[in-house]
1. Where the second residue is in a loop (DSSP other than H, G, I, E, B) and at pLDDT 85 or above and the first is within 19 Å of R240 (Cβ to Cβ) and lies in the range 269-287, which pairs have Cβ atoms under 9 Å and are six or more apart or on separate chains?
2. Condition check: assigned to a strand (DSSP E or B) and at pLDDT 75 or above. Does R350 satisfy that?
3. Mind checking whether some residue in the range 134-150 is assigned to a loop (DSSP other than H, G, I, E, B) and at pLDDT 85 or above?
4. Applying the selection to the range 392-428, what residues are of a type in the set (V, I, T), open to solvent by less than 30 Å² (accessible area, probe 1.4 Å) and either within 28 Å of P88 (Cβ to Cβ) or in contact (Cβ under 8 Å) with a residue 60 or more places away in the chain (or both)?
5. For the subset of the range 429-465 comprising residues that are open to solvent by 70 Å² or more (accessible area, probe 1.4 Å), farther than 26 Å from D364 by Cα and not in a helix (DSSP H, G or I), which member is modelled with the lowest pLDDT?
6. Within the range 81-99, can one find any residue that is open to solvent by 40 Å² or more (accessible area, probe 1.4 Å), modelled with pLDDT under 90 and small (G, A, S)?
7. Which residues, taken from the range 81-110, are outside any loop (DSSP other than H, G, I, E, B) and touching a residue at least 60 places away in the same chain (Cβ under 8 Å)?
8. Name every residue in the range 237-286 that is open to solvent by less than 50 Å² (accessible area, probe 1.4 Å) and within 17 Å of F157 (Cβ to Cβ), in order of residue number.
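The values are calculated or read from the model by the stated rules, or taken from the named source; none is laboratory data. Bear in mind that the values here come from a model prediction, so they are computed numbers and not experimental data. Because the Cβ atoms are built from the backbone with ideal geometry, glycine has one as well, and the counts that use them run over all protein chains shown. Protein only, heavy atoms only, side chains kept; ligands, DNA and RNA dropped before computing areas. Shrake-Rupley method; radii C 1.70, N 1.55, O 1.52, S 1.80 Å.
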Amino acid sequence: MAHHSANGIPTRLLMWQRVREYAVPLSMIETATARRAVGDWAGACAAARIDVDLDLRAVRDRHGTDLVARLRADLRRLAPDLLRWHMPRTAPDGRLRPGLTISLARYGSSGATPLQLVVRTPPARADAGQRMSLALWEESGNGAPGHHQHPHPDRRFRLDLHRHLWDAGRSGELARRCGAGGAPSMGPPDRPHAPGRPGPMGLLYPPDLPDRPARPARPTVHDDSWASARWAAEAELLLRAEGRPRGAFTVRLGARSRAVLELVAPDDSHAPTYRPLREALPPQEVAVLPVLPEAAVRVLPDLELLRAGLVTADRLHPLVAAALAVSGSVAAYGSAPAAGAVPEPGDPHRVECRGEVHRIALRDGVLTAVDHDAAQLRREELLVALGGPALPCLRAIDAVHRNPEALPAVRERLGHGDVAGALAVVEGLLGPGAVLRDGPLREELESAAARRIDHGLFRSGLVAVHHGAGGAGGGNASGVGHADTGHRPRLDRRTPLAMRRKRSSRARPRTGLTG
C-alpha cells in the first residue's frame with residue numbers, strides 16, 4: 001500500500017493524528033471512566049455513544065445463568081471509550097469503518113450454539129454521530145438484523161484475540177502485544193525490499209527464505225507500519241483459537257493482495273516463526289485459511305505517532321499512555337514539540353477600524369464591537385440594512401458568524417460525532433446568545449442535524465433493507481429477529497457447492513423463449 005507524504009509525514013499518520021485529537025474527546029473518556037468505576041457499564045456505553053442491543057434477562061432465559069454471569073463480567077470490564085479509541089477507521093477522514101461486525105468475546109457452552117459479544121458500526125449512509133451498537137450474535141439464530149448489511153462477525157477485524165484493546169483489566173498487555181519495547185519491525189525506508197512472487201488471483205507470496213527459520217519473511221510493500229516481527233506470535237494465538245496447533249494463514253497486504261504464510265517451529269519448546277508457503281494453494285483454499293487480524297498486522301498507531309513526534313503522551317488515552325509508559329516507549333521516543341499558545345475564547349479580536357485598532361470580544365453572551373457604543377452600532381446596523389457599507393468591526397463580526405477560522409475544527413468534531421464539542425467551540429467564538437447567520441457554519445450544523453435523522457431511521461428499522469442484510473444464518477441472541485423470509489441470500493463461501501453451481505449455471509431452462 002503506497003502512502004503519499006505531506007512535508008515528509010505519511011498521510012496515514014496525519015489521519016491518525018486528527019483521529020486522536022477529535023474522535024475520542026477527553027470529556028467522553030472522563031465520563032465513561034467515572035461510570036465504569038462505579039459498575040455502571042450501560043452508562044459508560046452511553047457516554048461513549050454505544051447503543052446496547054442486548055437484554056440480559058432474555059439471554060438468561062435462553063442460555064442459562066452461567067453464560068449471563070460471564071457476559072456480565074465482560075461488560076463490567078468493557079471500557080467503551082478504549083474500544084472506540086482502537087476501532088478500525090477509514091482514510092482520509094478517519095471515521096469509523098462502516099458496516100462492520102467485530103467480535104469482542106466468544107462464549108462456548110455444551111449443547112448450545114457458541115455466542116459472540118459483538119460491536120457493530122452503521123453503514124456509511126447512516127454514520128452520523130459515529131455511534132456503535134453492542135449485541136450478541138449466534139450463528140444459528142432466528143434471523144439476522146435486517147437493518148445491518150454485514151451481521152456476521154468479520155474475520156479480518158476481530159478483537160476477541162486482542163482483549164487488551166477493550167478490556168480495562170487487561171489494557172496493560174498493550175505494550176507487550178504491540179512490541180513497544182523493541183525497535184520498529186521494518187527496516188529503514190531507504191532499504192529496498194525484495195519483490196514478492198506473484199501468485200494466482202493477485203496473491204503475493206513473500207520471497208523465499210534461507211533454511212534458517214529465525215529470519216521471518218518481510219511484507220512486499222515499502223511501508224514501515226507492518227508489525228511483521230509479531231506475526232509469528234499472533235499467528236500462534238490465531239491458529240490455537242481455531243483449533244490448529246500449526247498450519248497456514250494469510251495476511252492481507254492490500255485490497256487485492258495477500259501473503260500466504262505457514263507457522264512452523266522445531267518443537268513446542270521453541271519460539272515459532274513463519275515462512276512462505278512452499279506450494280501455491282488454489283484461491284478457494286486460500287479463502288478459507290485463517291486471516292491474521294488487522295490489529296496484529298500493523299503497528300499500533302499510537303506508537304507510530306510517538307515515534308514521529310506527532311503526539312505527546314498526555315494526548316493519548318490514559319490506559320494507552322500508562323501501558324506505553326511502563327514499557328518505556330514514551331521516554332524512548334520523546335515528546336512532540338509544544339504547540340503555540342492557543343487564545344482563550346474570551347480573548348478579544350483586533351480589527352483596524354477607521355484608522356484605529358478596535359477590539360471585538362464576548363459581552364453578555366454575544367460577540368460585540370467593544371469600542372463602539374450601543375447607539376452607534378444600532379445606527380450602523382440600520383445603515384447596512386438599507387444597503388450602506390458596514391463598519392470594519394461589523395464586517396469582522398459577520399465573517400466570524402458565517403465562516404470562522406475554527407470552522408475546520410468544528411467540521412472535524414461534527415464528523416466524529418462530537419456535537420457537544422463542536423457547539424462548545426461555536427459558543428466560545430460567538431457566545432451562547434448568538435444567532436447564527438447564513439453561511440458555511442450554519443450549513444454544517446444543519447447538515448449534521450439532518451444526518452442524525454438518517455441514523456435514527458436506520459436504528460429504528462424504518463429504512464429499506466440493504467441488499468446484503470438478512471441473509472441466512474446469523475442472528476441476534478437477544479431474541480429480536482428482523483429476517484426477511486423472502487430475501488434471496490448472496491452467494492458466498494458458506495453457500496453449499498450444489499447451490500452455487502445451480503445459481504451460477506447458464507444452462508438453466510428459459511421459459512417464454514420458444515417458438
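1. That search, which allows pairs on different chains as well, returns nothing.
2. Considered against the rule, which asks whether it is assigned to a strand (DSSP E or B) and at pLDDT 75 or above, R350 comes out as yes.
3. no
4. Passing the criteria: only V410.
5. For the range 429-465, the residue satisfying everything is V465.
6. Within the range 81-99 (the criterion being open to solvent by 40 Å² or more (accessible area, probe 1.4 Å), modelled with pLDDT under 90 and small (G, A, S)), the answer is yes, since at least one residue qualifies.
7. Scanning the range 81-110 gives D81, L82, L83, R84, W85, R89, L104.
8. Result: L238, F249, T250, V251, L253, G254.
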